[in-house]
């Protein structure tokens, strides 16, 4: 049975360091499960591990998008499986590292595949702009009331995706998701969650924000804003949206620093709420790399 290791946890928990230690110990390669690290140039704010600090361990799904294309869970699943298949073929172990809970979940549960109908998503967006997003939400409610209850009218990405699934397949989103099957089905998942006491986690988050700002986050965002439109998806991510607001004159640096730290702490709390609902995660102290490596080793089959 093929094995997949997931090293997960909230922002600031130290996932990159732990995943690197695991990959080194089990002859693995890292697959990033981060919704921002896929974008080329968005480096400091997404806390990408620089190539020189990866210890020669191959990392996948980093810098795979050079424009402002929307990246979603369906695309992640497709690319993650392609990366994992290559890793298995080399006799190694995929070590998935990230905090995007949906990406980690669809590896096990699957998701409806990406639409192949060119222009459908853009057509739905135009309808939303012309008719109003409430009209599209009402359309979703008529198709799938249960799923519509989970999607806010303000969540335009999920709203468009739900209607796209229906128009592409003829199924309601709920039915489509139930019918989906992950290409990882049949794999053995070893899921390790990194635990920090809440106060220690918040201190680590605050320190990480200070480190990003010192490393040139403001200059990175300024340069990216010259090359990409303001609606580029990663500009909605933590750090980037707050710095963009600062560059528009809406806040000074001190207020921006405080906002990023506060929003990051709030995001970590939401991540923990998500992960705590999943009972197959084995939580270990984030700083105890020896315990993390030992647990993964004992869970892996004799052959990857």
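Couple of notes before you dig in:
- Any hit, region 273-285, residues being crowded, with 16+ Cβ neighbours inside 10 Å, modelled with pLDDT of 95 or more and more than 19 Å from the chain's Cα centre (by Cα): yes
- Selection status of residue 255, in contact with a strand residue (DSSP E or B) (Cβ under 6 Å, 6 or more places away or on another chain), in the same structural domain as residue 13 (by TED's automatic domain parsing) and part of a helix (DSSP H, G or I): no
- Odd one out for residue 1 among (1) modelled with pLDDT of 95 or more; (2) in contact with a strand residue (DSSP E or B) (Cβ under 7 Å, 6 or more places away or on another chain): (1)
- Looking across region 56-75 at every residue that is at pLDDT 95 or above and not in a loop (DSSP other than H, G, I, E, B), the one that is nearest to residue 226 (Cα to Cα) is identified as 65.
- Enumeration of residues in region 167-187 that are surrounded by 19 or more Cβ atoms within 10 Å (Cβ to Cβ) and modelled with pLDDT of 90 or more: 172, 184
- Scanning region 141-157 for residues that are buried (at least 16 other Cβ atoms within 10 Å of the Cβ) and not in a loop (DSSP other than H, G, I, E, B), we see that the one that is farthest from the chain's Cα centre (by Cα) is 143.
- Just one of the listed residues (243, 209, 192, 221) is buried (at least 20 other Cβ atoms within 10 Å of the Cβ) and closer than 24 Å to residue 111 by Cβ, and it is 192.
- Taking region 7-29 as the range and being outside any loop (DSSP other than H, G, I, E, B) and buried (at least 24 other Cβ atoms within 10 Å of the Cβ) as the test, the residues that pass are 7, 8, 15, 18, 19, 22, 23, 28.
- Exactly one residue out of 47, 34, 63 is surrounded by fewer than 17 Cβ atoms within 10 Å (Cβ to Cβ), within 14 Å of the chain's Cα centre (by Cα) and touching a residue at least 24 places away in the same chain (Cβ under 8 Å), and it is 63.
- So residue 94, is it buried (at least 24 other Cβ atoms within 10 Å of the Cβ), part of a loop (DSSP other than H, G, I, E, B), assigned by TED's automatic domain parsing to the domain that holds residue 276 and at pLDDT 95 or above: no
- Qualifying residues in region 210-239 (those that are more than 19 Å from the chain's Cα centre (by Cα) and in a loop (DSSP other than H, G, I, E, B)) - the one nearest to residue 67 (Cα to Cα): 228
The values are calculated or read from the model by the stated rules, or taken from the named source; none is laboratory data. Keep in mind that what you see is a predicted model, and the values were worked out from it rather than measured. Heads up, the Cβs are rebuilt from the backbone with ideal geometry, glycines too, and the neighbour counts pull from every protein chain shown.
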